[in-house]
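Structure first, then comments.
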Amino acid sequence: MAAVVAKAPAPEGANRMSNRHHEADDVVTAEAPHSNADINITPFIDVLLVLIVIFLAALPLSQRGLDINLPLETRGAQQAAADSSQIVLQYTADRVITINQQPVAIQQLEQRLRTIFEQRREKTMFIAGAGNLRYGEIIEVIDAAKGAGITKVGIVTEQMRRSGGADAL
């Protein structure tokens, strides 16, 4: 005869605790980790923004300039008389060089300038050249002036002559 064994019912709270996993309603099983091919660009953008801020902050420090002496104002027509202490070298379109209205050959220019400026305290000269002269020809005059010991060379443009009443130069 087979014996029938009746199972006693489990206490009321025991069955519930074994199926609920410490009071959790649902049990989620984790997936196995897999590789992600997407690039996380947030750190990259952060680095770029920091670099932009650094370069923008350093930009004013790297600016360089050239110190020049600009005239304060142009003279009126009634004040157009040339200052006798100024040395003005004119270089005309027909290649004639004059220093304060006295003609000088290009070969004697450096020696003549040295003679003029050896006793002068202020070694400044102004060059008024014709607009159709080549750049190299003006540079030859500037080189001769520098060789004669002139420290400051000013270029008088055609517009400066027209607006400043210096047509007599």
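Read the figures in this text as sums done on the coordinates, not as results from a lab. Worth saying up front: this structure is predicted, and the values here are computed from it rather than measured. Glycine gets a Cβ as well: all are built from the backbone with ideal geometry, and neighbour counts include every protein chain shown.
Treating only the Cβ of Lys, Arg, Asp and Glu as charged (+1, +1, -1, -1), what charge dipole size does region 84-159 show about its Cα centre? Round to the nearest 20 debye.
Values: 9 positive and 8 negative charges, 53 e Å.
Taking the Cα centre of region 84-159 as origin, the dipole is about 260 debye.
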Fill in the blank from the handout: A correct fewest-to-most ranking of GLU110, GLU31, GLU122 by other Cβ atoms within 10 Å would be GLU31, GLU122, GLU110
Problem - Ordering of 34-41, 53-60, 140-147 by burial proxy (mean other Cβ atoms within 10 Å per residue, highest first) - result: 140-147, 53-60, 34-41
Exercise for the section: Pull out the extension gain between ILE142 and ASP94, defined as 0.36 nm times the separation in residues minus the alpha carbon to alpha carbon distance; nm, one decimal. Expected result: 15.5 nm
Practice task
Multiply the residue gap between PHE55 and GLN101 by 0.36 nm, knock off their C-alpha separation, and tell me the result in nm, one decimal place.
Solution key: 11.1 nm
Fill in the blank from the handout: Cβ density ranking, 10 Å radius, fewest first, applied to LEU61, LEU133 yields LEU61, LEU133
Handout entry: Contour excess over end-to-end distance, with Cα ends at ASP38 and ASN132 and 0.36 nm allotted per residue
Key = 27.3 nm
Exercise for the section: Would you mind computing Rg(Cα) / (2.2 N^0.38 Å) for region 84-159, counting N as its residues? Expected result: 1.00
Completion exercise
Karplus ³J(HN,Hα) for region 31-39 (6.51 cos²θ - 1.76 cosθ + 1.60, θ = phi - 60°; Hz, whole; x = Gly/Pro) runs 8, 5, x, 9, 6, 10, 8, 6, 8
Fill in the blank from the handout: For GLY154, other-chain or 5+-apart residues with amide H closer than 5 Å (H placed, Pro excluded) are MET125, PHE126, ILE127
